[in-house]
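The values are calculated or read from the model by the stated rules, or taken from the named source; none is laboratory data. In this text the structure is predicted, and so the values were computed from the model without any measurement. Here the Cβ positions follow ideal geometry from the backbone for every residue, glycine too, while neighbour counts run over all protein chains shown.
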Ligand code: SAM
């Protein structure tokens with residue numbers, strides 16, 4: 001099938017472009033053997049996040065949804081030795097596996113993991129009036145996407161880049177959310193977040209579909225005005 005071929009092409013691209021970085025692969029394997037769900041970004045998407053951080057010259061990155069720290073590691077590479085990544089995660093096991101992985105990859109100095117529900121962590125960053133972030137990667141519970149976008153914009157400066165992952169979900173985003181059973185709240189959250197990106201005058205956005213080892217999905221990309 002086309003989807004299987006797309007997965008095989010992703011593996012080919014990973015090999016040809018050397019996207020399977022040893023230190024990060026070790027972390028991914030550790031996450032999988034610790035029983036974390038295999039829902040991290042692909043190597044090609046991870047390198048895309050690193051490049052996005054590098055291209056925009058990002059020094060401060062915010063991530064919502066750490067899991068085992070795989071995307072976090074790519075972003076940490078992207079900000080360089082003197083940059084910072086703050087990543088929010090509410091599952092204690094995920095956060096501790098991520099800390100171990102970042103430690104072993106030599107990236108823990110530039111990453112701070114905030115343990116707790118992400119909305120609370122973002123509210124506490126807002127109340128502390130932290131310096132704005134240059135790049136914000138939103139990849140947690142999709143039902144809260146709008147809440148995260150609202151807070152992300154307040155933690156931004158003009159030019160901040162927002163990336164919102166998983167906005168296609170094999171086309172599920174097209175359908176009536178009432179038909180999505182357990183996924184309903186998340187599909188609705190994605191649909192609401194896309195409308196929010198269209199209607200909020202503080203951002204300019206697009207979305208791109210992707211295929212590969214993770215099937216058919218996509219991400220929205222926005223710039224804070
Ligand atoms: N960005 C990660 C990567 O690519 O390596 C994958 C993140 S995974 C898709 C989503 C993560 O968000 C999970 O680890 C989950 O526990 C976490 N999460 C879900 N809801 C959350 C919430 N309300 N607050 C904080 N973290 C949450």
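Per-structure values
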quantity	calculated
Subset of the range 73-88 (residues that are assigned to a strand (DSSP E or B) and either within 15 Å of residue 134 (Cα to Cα) or within 10 Å of the chain's Cα centre (by Cα) (or both))	84, 85, 86, 87
Verdict on residue 129 being in a helix (DSSP H, G or I), more than 22 Å from residue 214 (Cα to Cα) and either more than 16 Å from the ligand (Cβ to nearest atom) or touching a strand residue (DSSP E or B) at 6+ places or on another chain (Cβ under 9 Å) (or both)	no
Scope the range 91-116; condition near the ligand (Cβ under 8 Å from one of its atoms) and under 15 Å from the mean Cα position of the chain (by Cα); matching residues	94
Enumeration of residues in the range 169-181 that are at pLDDT below 85 and not in a loop (DSSP other than H, G, I, E, B)	177, 178, 179, 180, 181
Residue 195 being at pLDDT 95 or above, more than 17 Å from residue 46 (Cα to Cα), more than 17 Å from the chain's Cα centre (by Cα) and assigned to a helix (DSSP H, G or I)	yes
Residues located in the range 22-47, provided they are without any contact (Cβ under 8 Å) to a residue 40 or more places away in the chain, touching a helix residue (DSSP H, G or I) at 6+ places or on another chain (Cβ under 8 Å) and closer than 29 Å to residue 132 by Cβ	40, 46, 47
Qualifying residue in the range 63-72 (condition: assigned to a helix (DSSP H, G or I), at pLDDT 95 or above and under 20 Å from residue 131 (Cα atoms))	yes
Positions within the range 27-37 being under 24 Å from residue 114 (Cβ atoms) and more than 10 Å from the ligand (Cβ to nearest atom), in sequence order	30, 32, 34, 35
Residue 65 in contact with a helix residue (DSSP H, G or I) (Cβ under 7 Å, 6 or more places away or on another chain), buried (at least 22 other Cβ atoms within 10 Å of the Cβ) and under 18 Å from residue 139 (Cβ atoms)	no
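Residue-by-condition table, conditions (1) surrounded by fewer than 16 Cβ atoms within 10 Å (Cβ to Cβ); (2) away from the ligand (no atom under 13 Å from the Cβ); (3) in contact (Cβ under 8 Å) with a residue 60 or more places away in the chain; (4) under 18 Å from the mean Cα position of the chain (by Cα):
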| site | (1), (2), (3), (4) |
| --- | --- |
| 133 | no, yes, yes, yes |
| 137 | no, no, yes, yes |
| 159 | yes, yes, yes, no |
| 176 | yes, yes, no, no |
| 184 | yes, yes, no, no |
